[in-house]
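Before any comments, here is the structure.
The values are calculated or read from the model by the stated rules, or taken from the named source; none is laboratory data. All of these numbers come straight from a predicted model, not from anything done at the bench. Positions of Cβ are backbone-derived with ideal geometry, glycine not excepted, and every protein chain shown enters the neighbour counts. Just so you know, the surface numbers come from the protein's heavy atoms only, side chains and all, with ligands and any DNA or RNA stripped out. Shrake-Rupley method; radii C 1.70, N 1.55, O 1.52, S 1.80 Å.
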Amino acid sequence: MAFLVKKFGGTSVGTVERIQHVAKMVQTARQSGDDVVVVVSAMSGETNRLIGLAKEIMPAVVDVRELDVLVSTGEQVTIALLAMALKELGVDARSYTGSQVKILTDSSHSKARILNIDKAPILDDIKAGKVVVVAGFQGVDEHGNITTLGRGGSDTSAVAMAAALSADECQIYTDVDGVYTTDPRVESRARRLDRITFEEMLEMASLGSKVLQIRAVEFAGKYNVPVRVLSSFKPGEGTLITLDEGENHMEQALVSGIAFNRDEAQITVAGVADQPGIAYSILGPIADLNIEVDVILQNIGENGLTDFTFTVHRDEYKRVMDFLKGRQAELNAEAIHGNDRIVKLSIVGVGMRSHAGIASRMFKALSENGINLRMITTSEIKISVVIDENFLELGVRALHEEFELADEVNNVS
Ligand code: ADP
Ligand code: ASP
Ligand code: MG
């Protein structure tokens, strides 16, 4: 008997039949004595469809308040359908939207942060033997406005719910049966990990592995919520995200996973004065536009001039290019050029801390495949390179091979 929060993603609730399948899984858990709170996403494709409708009316600046009212409807459909499917099976259930629960957030529409969850009504329902079905991805601010938590945000709703309710485990059901060494859709030899540390999962998520939303992992680490990633379609143990490495073989791994991000674009401000304040004068106004900058590189100056390169989200590429071109004279830059056909490819592993030479193995493997590195950045447990997008699949496979990630016990040196 356990208290479980089970989250089902878009594909898992993508059709009526799949919703009925989810209801059966919840019924099985109830029959074995578990208390269950279910968090669901919108049916697959629905959030994109709703955003598309909004863009037809407001192509440029979308009204974020109304967009949140719109996109939150996707999850409202699934909670009602799942509650109905459960009742059809004779399982007592009750659905709640984020504002009914209530999941209190700040007012940052489309990227709101959860501040509090009113757990009393949920616990009352659980005590009364009900399954509680909560809409993921959404909340309500202190003024009663509907908010959403960013794409993939149902993961965060589920982990926050598990933390608030002190659940025994937060189970994230999706269309893969766990966290793999890399996206199994890109490298078919990717291997499922039995466990991964929060720290590594956080790096993987922030470097582009969309299997879990970054904030969900942050939340899980902060409140020490055990999270397990499982398949809705294939039974198994999935991947447990743990606080430490435990006694499993992962501690021998130098590299635990490969992540990539296809959403980046690179911009160079060339031939600017190599003097104090130049980075601030370029990036300060970009930060003021609320645009996030990722990798940053500044060359050593020559003849008093330097080149300054950085990456932003691809959706912001045109905006930043136009903005900087408008400031070219003011910055006294020789040229401003960019490329929105680049990707960031990264290796992640806590084992890197104690081993030298990982970077050179990475660079060697990529160079042997003729892959040019445009930018390089490292931190304690990750190394990232920016490369041409056409080389992404080749790069992922080369690194998977180099670090022997397909093998059961890998990287032992
Ligand atoms: P859901 O709709 O259930 O939230 P997502 O599409 O958000 O599902 O996340 C699952 C997907 O994440 C998988 O289909 C897979 O392609 C992708 N993915 C990326 N990196 C990894 C990884 N390292 N391990 C497993 N899946 C990954
Ligand atoms: N439906 C939302 C999305 O597509 C939230 C989620 O699925 O987690 O991003
Ligand atoms: Mg997701």
How many residues of region 166-194 are surrounded by 21 or more Cβ atoms within 10 Å (Cβ to Cβ) and either within 14 Å of ligand 2 (Cβ to nearest atom) or not in a loop (DSSP other than H, G, I, E, B) (or both)? The answer is 6
In the set I342, I358, I381, I376, the lone residue that is touching a helix residue (DSSP H, G or I) at 6+ places or on another chain (Cβ under 7 Å) and either modelled with pLDDT of 95 or more or under 21 Å from L283 (Cα atoms) (or both) is I342
Within region 135-155, does at least one residue satisfy the condition of being part of a helix (DSSP H, G or I) and crowded, with 23+ Cβ neighbours inside 10 Å?
yes
Scan of region 303-325 for residues that are open to solvent by less than 20 Å² (accessible area, probe 1.4 Å) and under 21 Å from the mean Cα position of the chain (by Cα), ordered by number
T311, V312
Scan of region 195-205 for residues that are surrounded by fewer than 24 Cβ atoms within 10 Å (Cβ to Cβ) and either without any contact (Cβ under 8 Å) to a residue 40 or more places away in the chain or not acidic (D, E) (or both), ordered by number:
R195, T197, F198, L202, A205
Of the residues L86, L123, L82, which single one is assigned to a helix (DSSP H, G or I), closer than 23 Å to A216 by Cβ and over 26 Å from the mean Cα position of the chain (by Cα)?
L123
If you go through region 196-205, how many residues are part of a helix (DSSP H, G or I), of a type outside the set (F, W, Y) and more than 13 Å from ligand 3 (Cβ to nearest atom)?
6
Those strands (runs of 3 or more DSSP E) completely within region 328-394 that have 1 or more residues that are open to solvent by 20 Å² or more (accessible area, probe 1.4 Å) and on the phi < 0 side of the Ramachandran plot are 335-339, 375-379, 382-388
Condition first: in contact with an Asp or Glu (Cβ under 7 Å, 6 or more places away or on another chain), surrounded by fewer than 20 Cβ atoms within 10 Å (Cβ to Cβ) and not in a strand (DSSP E or B). Now tell me which residues in region 90-111 satisfy that.
K102, D106, S107, S110
Among G208, G236, which is in contact (Cβ under 8 Å) with a residue 40 or more places away in the chain, closer than 30 Å to K24 by Cα, of a type outside the set (A, V, I, L, M, F, W, C) and not in a strand (DSSP E or B)?
G236
Cβ-Cβ under 6 Å, sequence separation 6+ or interchain: first residue in region 213-226 and touching a residue at least 40 places away in the same chain (Cβ under 8 Å), partner away from ligand 1 (no atom under 16 Å from the Cβ) and of a type outside the set (A, V, I, L, M). Which pairs?
P226/E169
Go through region 117-156 and give me each residue that's within 16 Å of ligand 1 (Cβ to nearest atom) and of a type in the set (S, T, N, Q).
Q138, T148, S154, T156
Count, please, the residues in region 156-165 that happen to be within 13 Å of ligand 2 (Cβ to nearest atom), aliphatic (A, V, I, L, M) and either out of contact with any Cys (no Cβ under 8 Å at 6 or more places or on another chain) or in a loop (DSSP other than H, G, I, E, B) (or both).
1
Can you spot a residue in region 25-46 that is within 16 Å of ligand 3 (Cβ to nearest atom) and part of a helix (DSSP H, G or I)?
yes
Selected residue [of a type in the set (A, V, I, L, M), open to solvent by 10 Å² or more (accessible area, probe 1.4 Å) and assigned to a strand (DSSP E or B)] from I300, I258, I267, I296
I296
